[in-house]
Amino acid sequence: MTKNFFATRTGIIAVGAVIGILAPLLQKLGNPGNMGICVACFERDISGALGFHRAAVVQYMRPEIIGFVLGSLGAALAFRDFRPRTGSAPFVRFVLGIFAMIGALVFLGCPWRALLRLAGGDLNAILGLAGLISGIWLGTLFLKNGYNLGRTQKTHFAAGLVMPLVMLGFFILMLIFPQVQGEPKNDILFYSVKGPGAMNAPLLVAIAAGLAIGFLAQRSRFCTMGALRDLLLFRQIHLLSGVIALLVTAGITNAVFGQFTMGFEKQPVAHTLHIWNFAGMLLAGLAFALAGGCPGRQLFLAGEGDGDAAVFVFGMIVGAGFAHNFGLASSPAGVGPHGIAAVVVGLTVCLSIGFFMRKQN
Amino acid sequence: MTKTVDARGLSCPQPVIMFLDAVKSAQDTTFEVIVDTEASKENVSRAAESRNCHVKEIREQDAEYHLTIVKNP
């Protein structure tokens, strides 16, 4: 049996550190502020690029996300860890993905971005992280009481390849219909001409970083939600050590690049409504915990053949559509007109899923 | 006596929860945990080491892992 270095304590810390360096670097090379990598934001941008929502400032086919899935596929195939599987309550996971995205967009970021925002000096992220921890804690209560979405089934090798192929297809579309300077659309793909969606690292750098992170994260099982869940549920700090490594190295890298500005006010792509920063991530954290992975981990799982994780990812992409079409997403001006209602509905739905989907003893 | 924990098709943290429940409730000192992903294999092994148990053997068979875990005396 070959030992998987990345599954060791040193390995997970190394992977967290690599992400902590690459994310601020991507920001330096063009990605939005404190958003070197944000899985929720970038999936939302992909949703916009496809026209699933028409928020003009957040439309871009983010190559990082594509790289995450394909890098994970590469690692899984190289190390004989590709396990095509599906069938554990896919539609429930789809709905969890929708509300995970809605919650993340009320806060304005996934757990990765919450860490990167803090590493850039954005103190609003503390409220988001507190919400995330609380949401995951709620999730662990359900897990302790028998919450379980059921077993997956093994499926065809080709079935496991469908999600990576969809991502490859998105990448090919991006090559056929590249961004045209100053144009909001190239044939079928939408692009932003201003706002966060117009800020991006060069395509080749972005896809290379995505592939590298996807590869490393698949091997190491890097997961921000799992880090906090395992701490709360099992008092284990294995995954958490990777998350802390990310936070520390991102803080140092930001300081080196002059990207660190401490405070609550005037932070990039952020608002200062503490309650809703907390509540947005409370909802997202609960949804991630019930679905078994943070949005990054869901992409890596999808790359190694987990069809249910792929369904969750598309739940998030569709959730971005709801979030922007219905005015649920926040902006630097504050929460969207129906954002608060969406958080209440989302919490009700997720708590119900946790409560009613328990194995009866 | 060996207690078998079948965690095939379940993703984390379920296999770990099932294994820890078994350790807590059963009188047994040997456990066979069956999982079907490498991540679950690693997680259950890690949980075992942290709960005064050790992984005696890991057998790979038809893309499944059979972990033999023994309680330390």
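The values are calculated or read from the model by the stated rules, or taken from the named source; none is laboratory data. On a predicted model such as this, the values are computed, not experimentally measured, just so you know. Glycine also receives a Cβ, built like all others from the backbone with ideal geometry; neighbour counts cover every protein chain displayed. For the accessible areas, the whole protein counts, side chains as well, though only heavy atoms, and no ligand, DNA or RNA atoms are used. Shrake-Rupley method; radii C 1.70, N 1.55, O 1.52, S 1.80 Å.
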Original post:
Across region A:242-254, in residue order, what do the Karplus-derived ³J(HN,Hα) couplings come to in whole Hz, using 6.51 cos²θ - 1.76 cosθ + 1.60 with θ = phi - 60° and x for Gly and Pro?
Top reply: x, 5, 5, 4, 4, 4, 5, 5, 5, x, 5, 4, 4
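How would region A:1-51 be classified by its alpha-carbon gyration tensor: rounded, prolate or oblate, with rounded meaning a/c under 1.5 and the a/b versus b/c comparison settling the rest?
oblate
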Original post:
Near the amide H of A:Lys185, under 5 Å away, which other amide H atoms are found, from residues 5 or more places off or on another chain, if H is placed in the peptide plane?
Top reply: A:Tyr191
Original post:
Between region A:233-312 and region B:1-69, how many Å separate their Cα centres?
Top reply: 29 Å
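Mind checking region A:47-85 for chymotrypsin sites (Phe, Trp or Tyr not before Pro) that DSSP puts in a loop (not H, G, I, E or B) and that have at most 16 other Cβ atoms within 10 Å?
Qualifying residues, ordered by number: A:Phe79.
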**OP:** Please sort B:59-69, B:7-17, A:192-202 by packing, taking for each peptide the average over its residues of neighbouring beta carbons within 10 angstrom, highest first.
**Re:** B:7-17, A:192-202, B:59-69
**OP:** Could you work out the mean count of beta carbons from other protein chains within 10 Å of each residue's beta carbon in A:298-307?
**Re:** 1
Subject >> Burial order of peptide ranges A:170-176, A:17-23 (average beta-carbon count within 10 Å, highest first) >> reply: A:17-23, A:170-176
**OP:** Within 10 Å of each Cβ in peptide B:1-8, how many partner chain Cβ atoms are there on average? Round it to a whole number, please.
**Re:** 1
Subject >> Shielding by partners - mean other protein chain Cβ count within 10 Å, residues of B:40-47 >> reply: 4
Subject >> Where A:Val162, A:Val92, A:Val205 fall by accessible area, highest first, once all protein chains stay in place (1.4 Å) >> reply: A:Val162, A:Val205, A:Val92
**OP:** Mind computing the radius of gyration and Dmax over the alpha-carbon atoms of region B:2-71? Å is fine for both.
**Re:** 10.5, 30
**OP:** Would you tally the net charge around A:Val39, using a Cβ to Cβ cut-off of less than 14 Å, leaving A:Val39 out, and scoring K and R as +1, D and E as -1?
**Re:** +2
Original post:
By the gyration tensor of its Cα atoms, with a ≥ b ≥ c the square roots of the eigenvalues, what is the shape of chain A: rounded for a/c under 1.5, prolate for a/b over b/c, or oblate?
Top reply: rounded
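Would you tally the net charge around A:Asn325, using a Cβ to Cβ cut-off of less than 14 Å, leaving A:Asn325 out, and scoring K and R as +1, D and E as -1? List each step's numbers first, then the result.
Values: positive: A:Arg44, A:Arg54; negative: none.
Around A:Asn325, the charge tally is +2.
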Subject >> Simple spin-label estimate for B:Glu60 and A:Glu183 in nanometres, 7 Å along Cα-Cβ >> reply: 4.9 nm
Original post:
Using a cut-off of 29 Å between alpha-carbon atoms, which lysines can reach B:Lys56, once sequence neighbours fewer than 8 places away in the same chain are excluded?
Top reply: A:Lys3, A:Lys144, A:Lys154, B:Lys3, B:Lys24, B:Lys41, B:Lys71
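Hey, can you find the accessible area per residue of chain A for me, probe 1.4 Å, expressed in square angstrom?
Working: 13250 Å² over 361 residues.
On a per-residue basis, chain A sits at 37 Å².
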**OP:** First compute the accessible area of region A:5-356 with a 1.4 Å probe, then give the percent of it belonging to carbon and sulfur atoms.
**Re:** 72 percent
**OP:** Note down the relative contact order for region B:14-65 as a percent, whole number, built from C-alpha pairs under 8 angstrom at least six residues apart.
**Re:** 42 percent
Original post:
If we count every other residue with Cβ under 15 angstrom of A:Val15's Cβ, Lys/Arg +1 and Asp/Glu -1, where does the sum land?
Top reply: +3
**OP:** For chain B, find the longest principal axis of its Cα atoms and tell me its angle to the long axis of helix B:14-25, 0 to 90°, nearest 10.
**Re:** 20 degrees
Subject >> Whole-Hz ³J(HN,Hα) from phi, Karplus 6.51 cos²θ - 1.76 cosθ + 1.60, for region A:24-33, glycine and proline x >> reply: x, 5, 4, 5, 4, 8, x, 5, x, x
**OP:** Output ³J(HN,Hα) for region A:279-285: one whole-Hz value per residue in order, computed from phi by the Karplus curve 6.51 cos²θ - 1.76 cosθ + 1.60 with θ = phi - 60°, and x for Gly and Pro.
**Re:** 5, x, 6, 4, 4, 4, x
**OP:** Report the relative contact order of chain A, percent, no decimals, based on alpha-carbon pairs under 8 angstrom and at least 6 residues apart.
**Re:** 37 percent
